[in-house]
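The values are calculated or read from the model by the stated rules, or taken from the named source; none is laboratory data. From a predicted model like this one, the values you see are computed outputs, not experimental measurements. Quick reminder, even Gly has a Cβ in these numbers, built from the backbone with ideal geometry, and neighbours come from all protein chains shown. To get the accessible areas, we keep the full protein, side chains included, count just its heavy atoms, and leave off ligands, DNA and RNA. Shrake-Rupley method; radii C 1.70, N 1.55, O 1.52, S 1.80 Å.
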Amino acid sequence: MFLHRPLLSLRTAAASRSSLLSKCRPASSSSPHLATTFFLPDPSDENAHRHHQQLTKIVATIGPTSEQAEPMLQVVSAGMTVMRLNFSHATVEEVELRCANLQAAQQAVGVDNNMRAILLDTKGPEIRTGKLANDHSGHETMTLTAGNTITLHTSQDIRDAGSTESDLFIDYPGLAKCLKPSMKVLLDDGAILLNVQSTNIEQGTVTCTIQNTGDLRSRAGINLPLADISDLPAMSAKDKADIMYGMTKDIDFVAASFVQNAQAVRDIRAHIQDCANQLGWTSNEPLPLIVSKIETAGALTQFDEILQESDAIMVARGDLGVEIPLAQVTNAQKEMVAACNASGVPVIVATQMLESMSKNPRPTRAEVSDVTNAVYDGADCVMLSGETAKGKYPSETITFMNEIILSAERYADSGALGRPATHSFLASPMSRDSAVARAAVASSEERPDAAAILVLTNKLDTGLPKLVSSFRPNVPILAFVSSAKLGRQLQLHRGIIPIVGLDNVTNAERFKQAVGMACSMGYVKSGNEVVVISVTDDKEATMKIVTV
């Protein structure tokens with residue numbers, strides 16, 4: 001994709017510009033000394049860096065244009081780490097096809113070296129309008145006109161009669177209780193804005209003024225910015241059934257939509273445990289991990305508590321951009337990513353990252369900047385939605401995203417940005433495992449020939465590689481795990497490459513075999529150094545630096 005060219009350096013141009021400017025302005029003893037280098041390495045040049053592996057992962061949504069065997073193989077080969085299944089739209093038949101083709105693609109490229117995880121994204125407890133009156137086809141719309149008054153109802157009579165331009169059914173019984181005059185109601189992802197004039201709690205109605213003209217379809221989504229909707233259930237009946245079904249397909253993550261508070265995460269975890277019990281799972285079988293999607297203003301107010309209960313966080317910028325002012329979405333994203341980095345919890349940045357590639361073979365400059373800045377901020381993963389689910393260029397999109405990631409990571413590793421803010425993990429208290437993880441990362445940074453950190457996990461415990469990832473090394477983390485399921489559940493963590501192996505091997509042989517496997521898989525080569533850490537059964541933590 002990239003032309004083979006030398007490193008671009010603008011030192012001469014910068015110096016000439018500085019010289020020209022000095023002639024046009026008076027000399028000053030306080031003039032700053034600029035030392036720009038514009039070190040822009042070619043990501044395709046594997047010899048220009050100590051490793052060639054992207055550290056930030058890609059979550060890709062699989063849909064109609066990528067679910068068949070050949071495009072799935074292309075998507076996997078291009079670098080998809082986690083397959084997202086959107087249960088708002090996917091049928092059982094589609095899920096079966098996608099899971100089968102993912103397994104076939106993994107076998108084609110090598111399972112151990114290309115372990116791909118599956119994320120089930122729930123529909124969530126959404127609030128929607130009712131069916132329009134006389135919408136017999138299911139595709140009819142009605143026009144709401146700016147300046148007109150419309151009454152929102154929660155009664156079954158209006159639901160059965162159908163919604164009209166003056167009376168609109170909303171399927172949330174607590175609507176009148178959570179809204180107050182001057183609050184906003186957004187219809188169909190913010191396409192139509194309503195301003196609340198009055199509420200009648202006894203009748204369950206809300207009277208609004210229509211702020212802009214627009215067409216409304218049946219069962220459109222509703223957003224209630226700043227309203228307290230914490231009484232919504234954590235899961236709908238569909239979500240519960242979908243999670244149970246997903247667990248029969250051995251999914252690795254559940255992305256919980258419209259999480260409002262920490263109790264919702266606890267409720268979902270309890271349901272996952274109930275499903276495991278019904279399926280006859282043993283206590284040693286890892287349960288799906290929970291990714292809490294932050295997409296409402298209410299979730300932002302409860303973010304710290306949600307973060308503590310979650311296994312990962314998704315910055316879901318789509319609905320969040322409807323709930324809060326668009327100009328504030330980036331600010332909220334940066335704060336969430338920073339909080340996740342400080343807590344050692346993986347974070348996914350999602351929505352419209354390379355949206356234009358749904359139709360075009362190249363992204364816009366703004367989209368490239370969006371992905372780049374997500375990497376700089378410290379995202380563990382970046383996500384593709386419609387680009388890979390229904391776009392024209394699914395594998396090309398993943399390839400381009402990986403090139404953006406690698407460019408950003410290598411530029412950051414060059415030191416041009418100074419010490420990145422991602423070194424902000426707060427390991428408190430400083431445990432034995434945290435100490436050895438921090439030491440391993442520090443050693444890899446101080447030794448220019450260090451190409452990887454090898455982590456030898458202890459049976460079912462994957463805490464050590466997660467800790468290493470939290471300290472944000474600039475080299476890959478090869479985590480040797482006892483099962484593919486444990487390995488897949490490490491795939492949301494930045495830099496971790498899970499490898500199944502080293503079972504029934506003595507402690508004395510584990511170091512040697514780990515280095516040998518890293519070499520055979522191509523992650524390190526002769527002359528490289530590797531930092532190897534492990535925790536043994538007798539709770540002894542060790543670190544070695546080995547020259548290959």
Can you tell me which residue is modelled with the highest pLDDT among those in the stretch 369-417 that are of a type in the set (A, V, I, L, M, F, W, C) and part of a loop (DSSP other than H, G, I, E, B)?
379
Looking only at residues in the stretch 88-107 that are open to solvent by less than 20 Å² (accessible area, probe 1.4 Å) and free of Cβ contacts under 8 Å to residues at least 60 places away in the same chain, which one is nearest to residue 124 (Cα to Cα)?
90
Can you name the condition, by its number, that residue 389 falls short on among (1) out of contact with any strand residue (DSSP E or B) (no Cβ under 6 Å at 6 or more places or on another chain); (2) of a type outside the set (Ser, Thr, Tyr); (3) in contact (Cβ under 8 Å) with a residue 12 or more places away in the chain; (4) open to solvent by 10 Å² or more (accessible area, probe 1.4 Å)?
(1)
In the stretch 235-252, residues that are crowded, with 16+ Cβ neighbours inside 10 Å, within 16 Å of residue 171 (Cα to Cα) and of a type in the set (Gly, Ala, Ser) total 1
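Quick one: count up the residues across the stretch 166-219 that are part of a strand (DSSP E or B) and closer than 18 Å to residue 142 by Cα.
Going residue by residue through the stretch 166-219, those that are part of a strand (DSSP E or B) are 167-170, 184-187, 192-200, 205-210, 214-217.
Restricting the remaining residues to those that are closer than 18 Å to residue 142 by Cα gives 167-170, 185-187, 192-194, 208-210, 214-217.
The qualifying residues number 17.
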Taking the stretch 501-547 and the residues there that are in contact with a Ser or Thr (Cβ under 7 Å, 6 or more places away or on another chain) and open to solvent by 50 Å² or more (accessible area, probe 1.4 Å), the one that is modelled with the highest pLDDT would be 545
Consider residue 457 against the criteria (1) within 30 Å of the chain's Cα centre (by Cα); (2) hydroxyl-bearing (Ser, Thr, Tyr); (3) more than 30 Å from residue 119 (Cβ to Cβ): it satisfies all of them except one. Which criterion is unmet?
(3)
Test of understanding: among 259, 291, 315, which residue is farther than 23 Å from residue 222 by Cβ and touching a strand residue (DSSP E or B) at 6+ places or on another chain (Cβ under 9 Å)?
291
How many residues of the stretch 517-546 are in contact (Cβ under 8 Å) with a residue 60 or more places away in the chain and in contact with a strand residue (DSSP E or B) (Cβ under 8 Å, 6 or more places away or on another chain)? The answer is 20
For the stretch 258-278, state whether one or more residues are surrounded by 20 or more Cβ atoms within 10 Å (Cβ to Cβ) and in contact with a Gly (Cβ under 7 Å, 6 or more places away or on another chain).
yes
If you check every pair at least six apart or on different chains, which have Cβ atoms under 6 Å apart with a residue in the stretch 339-361 that is on the phi > 0 side of the Ramachandran plot first and a residue that is of a type in the set (Ser, Thr, Tyr) second?
344/470
Residue under question is residue 76, and the condition is that it be more than 30 Å from residue 190 (Cβ to Cβ), touching a residue at least 12 places away in the same chain (Cβ under 8 Å), of a type in the set (A, V, I, L, M, F, W, C) and surrounded by 14 or more Cβ atoms within 10 Å (Cβ to Cβ); does it hold?
yes
Would you say residue 155 is in contact with a strand residue (DSSP E or B) (Cβ under 9 Å, 6 or more places away or on another chain) and surrounded by 21 or more Cβ atoms within 10 Å (Cβ to Cβ)?
no
Of the residues that make up the stretch 342-356, is at least one within 18 Å of residue 80 (Cα to Cα), assigned to a helix (DSSP H, G or I) and either within 13 Å of the chain's Cα centre (by Cα) or at pLDDT 95 or above (or both)?
yes
Could you grab me the full set of residues in the stretch 108-135 that are in contact (Cβ under 8 Å) with a residue 40 or more places away in the chain and assigned to a helix (DSSP H, G or I)?
none
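Under the condition of being out of contact with any strand residue (DSSP E or B) (no Cβ under 7 Å at 6 or more places or on another chain) and within 20 Å of residue 282 (Cβ to Cβ), which residue from the stretch 455-481 is least open to solvent (accessible area, probe 1.4 Å)? Steps first, please.
Here is the first cut: in the stretch 455-481, the residues out of contact with any strand residue (DSSP E or B) (no Cβ under 7 Å at 6 or more places or on another chain) are 459-461, 463, 466-467, 470-472, 474.
Adding the requirement that they be within 20 Å of residue 282 (Cβ to Cβ) leaves 459-461.
Numbers: 459: 135, 460: 97, 461: 78 Å².
The qualifying residue least open to solvent (accessible area, probe 1.4 Å) is 461.
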Residues in the stretch 185-210 that are over 20 Å from residue 174 (Cβ atoms) and within 34 Å of the chain's Cα centre (by Cα) total 6
